[in-house]
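Report on the following structure.
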Amino acid sequence: MAIVKTNDNQVVLSNGDLIRDACEELGVLFGCRSGLCGTCMIDIVGGEENLFELTEEEVAMDRDRKHRLACQAKIKEGTVTINFDKF
């Protein structure tokens, strides 16, 4: 079992799932959903070790493990706590 959470809410996923759907349920905004627009940028507050390595798109955008695209990030297991701009 994997969990994506904010300070206010959480969504349970299966191990190995993309966190896109959980993040959308938590209120993250999406544009293209394919890693190109950057609209779904999230800050990883805790549990970055529970995410798989950066995708090629994230590497190309010079991201680090604390700033990820919600549409591309995939959770191995455990809990990942996120923060994002709601506006």
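The values are calculated or read from the model by the stated rules, or taken from the named source; none is laboratory data. From a predicted model like this one, the values you see are computed outputs, not experimental measurements. All Cβ positions, even for glycine, are placed from backbone atoms using ideal geometry, and neighbour counts span all protein chains on display. Only protein heavy atoms, including side chains, enter the accessible area calculation; ligands, DNA and RNA are left aside. Shrake-Rupley method; radii C 1.70, N 1.55, O 1.52, S 1.80 Å.
A few notes on this one:
- Stretch in the chain that is longest and holds no trypsin sites (Lys or Arg not before Pro) that DSSP places in a loop and that have at most 13 other beta carbons within 10 Å: 1-64
- From the largest down, the chain spans 29, 27, 19 angstrom on the principal axes of its Cα atoms.
- Assuming charge only on the beta carbon of Lys and Arg (+1) and of Asp and Glu (-1), the dipole of segment 1-54 about its Cα centre is about 140 debye to the nearest 20.
- Computed label-point distance, nm, for sites Glu53 and Asp85 using a 7 Å Cα→Cβ extension: 3.0 nm
- Summarising the label geometry, the points placed 7 Å from Cα in the beta-carbon direction at Cys37 and Asn7 lie 2.7 nm from one another.
- A 1.4 Å probe run over the chain, with the rest of the protein chains in place, finds 57 Å² accessible per residue.
- Once backbone amide H atoms are built at 1.01 Å from N, Gly78 has Ile3 as its partners under 5 Å, excluding neighbours fewer than 5 places away on the same chain.
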